[in-house]
Structures are given as structure tokens and as C-alpha cells.
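The structure under discussion appears below in the form of C-alpha cells.
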């Protein structure tokens with residue numbers, strides 16, 4: 001696996017508070033990485049750095065081996081990174097189709113929406129690429145969907161726009177058991193298509209089901225970086241709880 | 001492949017069972033449409049049964065309605081787009097008067113109305129941009145900023161022109177274009193219909209409209225996906241200001257003069273029309289047809305009460321009741337998560 005995304009000695013301070021200290025890890029192509037840690041470990045700051053919301057105080061990111069600096073969210077999106085937040089970045093009062101294409105609408109040269117085309121693509125993505133059951137129309141308002149269905153729409157958006165890395169921030173925290181199972185299967189399916197994922201989570205058991213590697217953080221630093229073959233769930237738990 | 005989420009299929013079966021009535025209720029502005037149609041049926045039936053006592057269908061009454069609707073319609077369209085983007089503009093009533101005074105006094109100074117009117121609209125747009133800049137730059141509630149605007153521009157009218165009316169005496173072509181008739185239909189009414197169609201396409205068929213809904217519906221999500229929400233809001237503020245000026249042009253062309261106090265309270269009526277039309281006070285929800293139906297409903301109710309010779313203070317009571325009922329209804333709809 002070649003390294004798709006790398007963090008090099010990244011530190012991030014907010015005034016006197018140091019949120020990240022000398023953090024380095026990588027994400028390979030088609031690799032599923034579990035970013036684990038307790039509250040305050042620095043996971044969210046790391047997610048915000050990778051998605052371009054925060055800029056590092058020190059250190060840098062590289063994509064495909066090239067040093068890069070994300071100054072805003074769209075920079076990371078252009079690099080093929082899609083962040084799917086715990087409270088997914090969708091608009092409840094808009095339809096599934098409009099959410100999938102939000103900010104990247106298909107339009108004619110005057111800016112008018114090519115609605116039929118967008119609807120057909122949304123239908124195709126929902127039925128074939130992601131397969132969300134319980135939704136019979138891409139015109140359904142997102143506000144009428146369950147938490148898991150919303151996550152799936154956010155993933156459908158990433159799939160359609162051919163993202164290379166999915167950053168899933170606490171993706172299972174609001175999901176039922178069945179929804180969680182389906183989401184984790186979706187991550188594995190995307191891995192088979194060479195899409196990498198970073199699962200940022202408290203839940204070691206969920207991460208253990210699908211991740212190839214685990215990066216454990218504590219107090220803003222990396223305390224463990226290990227392949228699944230070289231560790232056990234007990235060891236991971238010890239690192240998260242005791243460090 | 002395991003389907004994502006097999007356990008929440010409720011909307012499908014419910015949708016399949018919906019009756020036509022429920023389907024209309026579920027559509028944007030569907031409920032207000034039903035209320036409006038019911039009121040029309042009652043009014044038309046009343047007018048046919050009592051043609052001498054209730055002159056709802058008389059040409060004079062229909063003309064009055066057609067002349068009254070466009071002014072509030074323009075104000076409400078501008079205010080509505082801004083509300084969907086998640087902001088308010090309380091200054092539009094004052095801006096409406098200020099820009100009308102500006103236009104009328106320019107015409108009085110010998111400038112063509114075809115130049116003065118665009119200058120009035122430009123002034124409205126600039127005031128809207130100023131409101132937007134202050135709101136966004138300082139992170140203030142637009143309610144407060146535009147409350148300041150309401151008082152400031154009301155005072156500016158008096159500073160600029162004193163408390164006297166301004167005559168508006170444009171070229172006859174201008175008057176015909178904005179207050180004449182075409183096939184018996186008032187020109188201003190034709191203008192508002194054109195604006196409604198134009199705004200419908202802008203808001204519901206154009207990329208900008210999608211960004212307005214996204215900005216008002218979930219600003220964080222809109223920004224996360226790369227939408228410049230500040231820019232969207234600024235444009236919406238500019239539209240609100242510009243449409244206030246357009247309302248001023250239509251009103252001034254109709255009456256032939258501007259009264260310094262004529263816009264007082266119109267901003268609240270415009271917001272009321274939006275709320276009645278199904279717009280959420282939290283932003284992100286609503287439709288252009290809903291706004292227009294809200295305006296039509298306010299004017300129909302007012303007209304009916306006038307035809308029934310109700311004393312003036314009844315009007316406000318009925319409009320107030322309508323607003324509160326509409327707000328309760330919208331709140332219930334929002335809680336249910338329906339359009």
C-alpha cells in the first residue's frame with residue numbers, strides 16, 4: 001500500500017492550549033485506519049486538520065507524497081478527502097438529490113439546475129452504489145430520514161464524487177445495531193474499491209471489525225500505531241484506557 | 001451487499017397511502033394553498049349569492065386588489081428570500097419610502113424616471129448590502145441591525161425631504177408601464193406575477209436558490225461543502241433592499257406621490273405574509289408560491305373585512321390571528337419534519 005495521506009510532525013495550538021503535539025501517521029490507499037482515543041485525545045482536532053478547517057501550527061500534510069497545505073474545507077475536498085461528521089453535514093429541508101449535489105450542482109451555463117439529470121444520478125447512486133433501504137425516492141427530504149440513512153446519503157455523496165479518503169467522525173454513535181452493521185459493511189465495500197477510510201471513534205469494537213490498522217491518541221500525541229495482525233482488542237483497550 | 005438501514009422504512013408506506021388532500025398538504029405551500037382556495041370559494045359563493053351586499057367580484061374590487069397586492073408582494077419576495085437564507089430585514093418599509101422619495105425628488109429635479117427608478121433600486125441594493133455587511137462582519141443578529149436600519153432610513157427621509165409629500169410626475173410611458181392596464185389587468189399586477197415566476201426559478205431551479213436553502217437550513221453543512229454562506233446572505237440582503245425599492249416604484253407610480261410615513265409597518269406585514277406562506281423563522285424552509293399566497297391571503301382577508309364594512313381595527317386583529325395560527329401550523333410541520 002502506498003501512502004495516500006501523511007501527517008508529518010504536526011502540532012496545533014489554540015493560544016496557550018496545545019491540542020496536538022508532534023503527530024505523525026499515514027493512511028495508505030484502500031486502507032481502513034481506526035483513529036482511537038478517549039475524550040480530549042485530539043481526534044477531532046486531527047479530523048479538522050485533515051479536512052482543512054484548522055491549519056497546523058507546525059508540521060505539514062502530504063497527499064501522494066507531495067507536501068500540501070489545506071487552507072479551507074474545499075482544498076481537502078479537491079484532494080479527494082470527504083469528511084462525514086457525527087451530525088452529518090446535510091440540510092434537512094432539502095431533498096436527497098439536492099443534498100448529494102449541494103455545492104456541486106449540475107447546471108447549464110446560466111446556473112440553472114439540470115434537475116432530471118441530478119435526480120437520475122442520485123437514484124442510481126442510492127440504489128446501486130450505496131443501497132439505502134427504506135428510501136423509495138431521491139426527492140425525499142433528508143429531514144425525514146433516520147440517522148443511519150443520513151450517514152448513507154453522506155457516503156453516497158462521497159462515492160459519487162469519487163473521493164479517495166473518507167473521514168468518518170464518530171459514525172456509529174447515533175446508529176442502531178443494524179445500521180452500524182450496514183455502515184461498517186459499506187466501509188469494507190469501499191475498501192474493495194480502493195477507497196480509504198479513517199474511522200474516528202470511541203468504539204474499539206466497531207473499529208476492530210473493519211480496520212487494518214489502529215492509531216491511538218492520548219493528550220494530543222500518538223501513543224500507539226499498530227497493524228491489526230499485531231494486536232488484540234484487549235491491548236487496544238488498554239492503550240485507550242490507560243494512556 | 002448489506003443494505004444500509006433496513007429498519008426505517010416508514011415514509012414509503014405512509015406516502016403510498018396518502019390521499020390527494022394529504023399529498024397537497026405535504027407539498028411546499030400546500031396547506032396555505034388549500035386555505036386560500038377555501039377562502040376564494042366562500043368569497044365567490046358569497047358574491048354570487050349576495051351580489052349587491054358583497055361586491056367581491058365587482059370590477060372595482062378586483063382592480064383594487066390587483067393594485068394593492070404588488071407592493072406587499074415585492075416586499076415579501078425580497079424579505080422571504082432573506083428569511084430562507086436565515087436572516088431578517090426590518091428596514092424594508094423605511095427603505096421602500098426612502099428610495100421612493102429619492103426617485104420622486106430626482107424626477108422632480110428634471111431627471112427621467114427611467115434613470116431615477118434604477119437609481120432608486122441601486123440605493124435599495126446598497127442599503128441591503130450595508131445591512132448585510134454589518135450583520136456578517138460583526139456577527140450581529142440581523143433583527144437588531146435592521147431594526148437600526150428601520151429607524152435610520154425613516155429619519156433619513158425626513159432629513160432629506162422634510163415631513164412633506166413629494167409629487168411624482170414621470171413621463172406618461174413610465175406611468176403606463178407601471179400603473180397602466182393590459183387587457184384589463186393592472187400593469188403592477190403583471191409585474192408582480194413576473195417577479196413571482198422569476199423568483200421561483202431563481203430559488204427553486206437555480207444553483208443560487210439551492211445555496212440559499214442550504215445556508216438557512218444548515219449553515220455549518222453549507223460551509224463544510226464549500227458554499228460561501230456570507231456571500232449568499234449578502235446577495236439575499238441586496239435582493240431584499242432592491243425589492244423594497246421596486247415596491248416603492250410601483251406604489252409611487254400608482255399614487256403619483258410619496259408620503260414620508262407610507263412604509264411604516266409594511267416590513268412586518270411582509271414578514272407576516274412569509275410566515276403565513278410557510279416560511280420558517282429559523283430559515284431554510286419555504287417557497288416563493290407560498291410567499292405569494294401569503295400576500296394574497298392577507299389582502300383577500302383585508303378586502304373581505306372592508307367589504308363587510310368591519311371597523312378598521314378589526315383588520316389588524318384578523319391579520320394577527322392569521323399570523324399566529326400560521327406560525328403554530330408551521331411549527332407543527334417543522335416538528336414533524338415535513339416540507
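This table checks each residue for (1) surrounded by fewer than 24 Cβ atoms within 10 Å (Cβ to Cβ); (2) in a helix (DSSP H, G or I).
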| site | (1), (2) |
| --- | --- |
| B:270 | no, yes |
| B:281 | yes, no |
| B:291 | no, yes |
| B:296 | yes, yes |
| B:302 | yes, yes |
| B:305 | yes, yes |
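In the set A:113, A:23, only one residue is facing chain B (nearest Cβ under 8 Å) and modelled with pLDDT of 90 or more; that residue is A:113. In segment A:64-85, the residues that are within 9 Å of another protein chain (Cβ to nearest Cβ) form Cβ pairs under 6 Å with partners that are part of a strand (DSSP E or B), at six or more places apart or across chains, as follows: A:83/A:167; A:85/A:169. When B:152, B:201, B:183, B:168 are screened for being more than 21 Å from the chain's Cα centre (by Cα) and at pLDDT 95 or above, only B:152 passes.
Residues in segment B:104-142 that are farther than 29 Å from residue B:173 by Cα and in a loop (DSSP other than H, G, I, E, B) were compared, and the one that is nearest to the chain's Cα centre (by Cα) is B:141. Given the conditions (1) more than 14 Å from every other protein chain (Cβ to nearest Cβ); (2) at positive phi, which single one is not true for residue B:261? It is condition (2) that residue B:261 fails.
Only residues that are surrounded by 20 or more Cβ atoms within 10 Å (Cβ to Cβ) and at pLDDT below 90 were counted in segment B:204-221, giving 1. Does residue B:247 fit the bill of being farther than 30 Å from residue B:64 by Cβ, part of a helix (DSSP H, G or I) and touching a helix residue (DSSP H, G or I) at 6+ places or on another chain (Cβ under 9 Å)? Judged against the criteria, residue B:247 is not a match. Take residue A:99 and tell me if it is surrounded by fewer than 20 Cβ atoms within 10 Å (Cβ to Cβ) and within 11 Å of chain B (Cβ to nearest Cβ). Taking the combined requirement at face value, the residue does not satisfy it. Applying the set (1) surrounded by 20 or more Cβ atoms within 10 Å (Cβ to Cβ); (2) in contact with a strand residue (DSSP E or B) (Cβ under 7 Å, 6 or more places away or on another chain); (3) more than 9 Å from chain B (Cβ to nearest Cβ) to residue A:141 leaves exactly one unmet item: (3). So, in segment A:192-216, of the ones that are within 13 Å of chain B (Cβ to nearest Cβ) and out of contact with any helix residue (DSSP H, G or I) (no Cβ under 8 Å at 6 or more places or on another chain), which residue ends up modelled with the lowest pLDDT? Looking at residues that are within 13 Å of chain B (Cβ to nearest Cβ) and out of contact with any helix residue (DSSP H, G or I) (no Cβ under 8 Å at 6 or more places or on another chain), I get A:193.
Say whether the condition of being facing chain B (nearest Cβ under 10 Å) and surrounded by 15 or more Cβ atoms within 10 Å (Cβ to Cβ) is met by at least one residue in segment A:53-61. Checked segment A:53-61: at least one residue is facing chain B (nearest Cβ under 10 Å) and surrounded by 15 or more Cβ atoms within 10 Å (Cβ to Cβ). The helices (runs of 4 or more DSSP H) located wholly in segment A:115-230 that include 1 or more residues which are in contact (Cβ under 8 Å) with a residue 40 or more places away in the chain and not assigned by the TED database to the domain that holds residue A:25 occupy A:147-160, A:177-192. Filtered by the rule that a residue be over 19 Å from the mean Cα position of the chain (by Cα) and within 14 Å of another protein chain (Cβ to nearest Cβ), segment B:284-309 gives no residues. Working only within segment B:216-248, note down all residues that are within 9 Å of chain A (Cβ to nearest Cβ) and on the phi < 0 side of the Ramachandran plot. Those that are within 9 Å of chain A (Cβ to nearest Cβ) and on the phi < 0 side of the Ramachandran plot: B:216, B:217, B:218, B:220, B:221, B:222, B:223, B:224, B:225, B:227. Residues that are within 14 Å of another protein chain (Cβ to nearest Cβ) and over 17 Å from residue B:78 (Cα atoms) do occur in segment B:310-330, at least one of them. Cβ-Cβ contacts under 6 Å between residues 6 or more apart (or on different chains), taken from a first residue in segment B:132-160 that is closer than 13 Å to residue B:233 by Cα to a second residue that is outside any helix (DSSP H, G or I), are listed as B:142/B:87; B:142/B:88.
The values are calculated or read from the model by the stated rules, or taken from the named source; none is laboratory data. This structure is a prediction, so every number in the text was calculated from the model and none was measured. Virtual Cβ from ideal backbone geometry, glycine too; neighbours counted across all protein chains shown.
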